[in-house]
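Let me give you the structure first, and then I'll get to my questions.
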Amino acid sequence: MNLGKTRPKLIATDLDGTIVHHDGTITERTLAAFARARELGVDIWFITGRPPRWMGEIKDAFGYGNAICCNGAMHYDLMSGNSIEEWAIPDDLLHETIKRLRRSIPGVSFAIESHNFFKREKSYVAIWDAGIDHNGCNQIEEVLTVPILKMLVRCQGNDFTSDEMLEIAVREIGDLVTITHSSATASLLEISAKGVSKGETLALMAGRLGISADECVSFGDNPNDFSMLEWCGRSYAMADGHADAQRFAKDVAEPCKEDGVAKIIEKLLDLPA
């Protein structure tokens, strides 16, 4: 394993499946590793596909840190709960994206995210957001009334895997928007504005801090992490993550359930500043 020669100035991590276990817990070892990094002056960034309304448990667990939500579409103040910057999908491209996907993926249904806004079609079965929008709408075009940061696209019959949906979507709408996913088994795509990704927004934030890619370390497990794994000079794909993650990362961390991220951070912090 090549840890590099010096301690990183910035640590960026995905949450779910990377440092947050599938039951929603974060281990004491992980919390301790990040706390020590912060004490040594390392910038901590939580970079996630989650909307801000799901970030309360991260604030409670850590009590510090910067956040990028909605796969790069929002720079979020974790401690105050305020959105600092947002990058929405342009309305005309959003409508065209919906039209093309209805045509190219049979039985597709949609939901949309903004700051604290979630709307879905009646045919879209919300797993993680069950209870947020009880009624749903007939077609998502009816509720496109605010700037949309992320659109969720589900194939209800599970006729396609997320990877198969991604392949179709890149071909059909890749010229309009950024498409990714964070679950290989959910038959679910996540769509952002063209050029918006975890990696792009991390690069922007690091640049503002005067921190280069070589001074950043990132951790992730799914396709929505690939851009930041690729951008950072040091990056680690979770061993139990998506099979393609290791193509984009520079190295591999042990699985989340084995405190893989914490183990790497502990070693990185022993390096000279």
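The values are calculated or read from the model by the stated rules, or taken from the named source; none is laboratory data. Remember, it's a predicted structure, so these values are computed and weren't measured experimentally. Cβ: placed from backbone, ideal geometry, glycine included. Neighbour counts: every protein chain shown.
Any idea how many residues of the stretch 122-165 are at pLDDT below 90 and among the small types (G, A, S)?
4
Take the stretch 6-28 and flag every residue that is surrounded by 14 or more Cβ atoms within 10 Å (Cβ to Cβ) and either out of contact with any Phe, Trp or Tyr (no Cβ under 8 Å at 6 or more places or on another chain) or without any contact (Cβ under 8 Å) to a residue 24 or more places away in the chain (or both). Write out each step before concluding.
As a first pass, look at the stretch 6-28 and keep what is surrounded by 14 or more Cβ atoms within 10 Å (Cβ to Cβ): 7-21, 26-27.
R7, P8, K9, D16, G17, V20, H21, I26, T27 - these are the residues of the stretch 6-28 that are surrounded by 14 or more Cβ atoms within 10 Å (Cβ to Cβ) and either out of contact with any Phe, Trp or Tyr (no Cβ under 8 Å at 6 or more places or on another chain) or without any contact (Cβ under 8 Å) to a residue 24 or more places away in the chain (or both).
When you scan the stretch 213-235, how many residues do you find that are of a type in the set (A, V, I, L, M, F, W, C), more than 10 Å from G199 (Cβ to Cβ) and in contact with a Leu (Cβ under 7 Å, 6 or more places away or on another chain)? Quick ask: steps written out before the conclusion?
First, pick out the residues of the stretch 213-235 that are of a type in the set (A, V, I, L, M, F, W, C): 213, 216-217, 219, 226, 228-229, 231-232.
Next, only the ones that are more than 10 Å from G199 (Cβ to Cβ) stay: 216-217, 219.
Add one more test, that the residue is in contact with a Leu (Cβ under 7 Å, 6 or more places away or on another chain), and what stays is 216-217.
Qualifying residue count, the stretch 213-235: 2.
Oh, and also: For the stretch 164-213: of the residues being hydroxyl-bearing (S, T, Y) and more than 14 Å from the chain's Cα centre (by Cα), which is surrounded by the most Cβ atoms within 10 Å (Cβ to Cβ)? Explain how you work it out, then say what you get.
Here is the first cut: in the stretch 164-213, the residues hydroxyl-bearing (S, T, Y) are 178, 180, 182-183, 185, 187, 192, 197, 201, 212.
If we keep only those that are more than 14 Å from the chain's Cα centre (by Cα) as well, we get 185, 187, 212.
Numbers: T185: 9, S187: 23, S212: 14.
Only one residue tops the list, namely S187.
Moving on. Consider E258 against the criteria (1) more than 25 Å from E113 (Cβ to Cβ); (2) in contact with a Cys (Cβ under 8 Å, 6 or more places away or on another chain); (3) not β-branched (V, I, T): it satisfies all of them except one. Which criterion is unmet?
With respect to (1) more than 25 Å from E113 (Cβ to Cβ); (2) in contact with a Cys (Cβ under 8 Å, 6 or more places away or on another chain); (3) not β-branched (V, I, T), E258 is out only on (2).
Considering only the stretch 258-266, I want to know if a residue exists there that is farther than 20 Å from R36 by Cβ, in contact (Cβ under 8 Å) with a residue 24 or more places away in the chain and among the charged types (D, E, K, R).
Scanning the stretch 258-266, I find no residue that is farther than 20 Å from R36 by Cβ, in contact (Cβ under 8 Å) with a residue 24 or more places away in the chain and among the charged types (D, E, K, R), so the answer is no.
Any residue at all in the stretch 165-174 that's under 27 Å from I84 (Cβ atoms) and not assigned by TED's automatic domain parsing to the domain that holds S235?
Within the stretch 165-174 (the criterion being under 27 Å from I84 (Cβ atoms) and not assigned by TED's automatic domain parsing to the domain that holds S235), the answer is no, since none of the residues qualifies.
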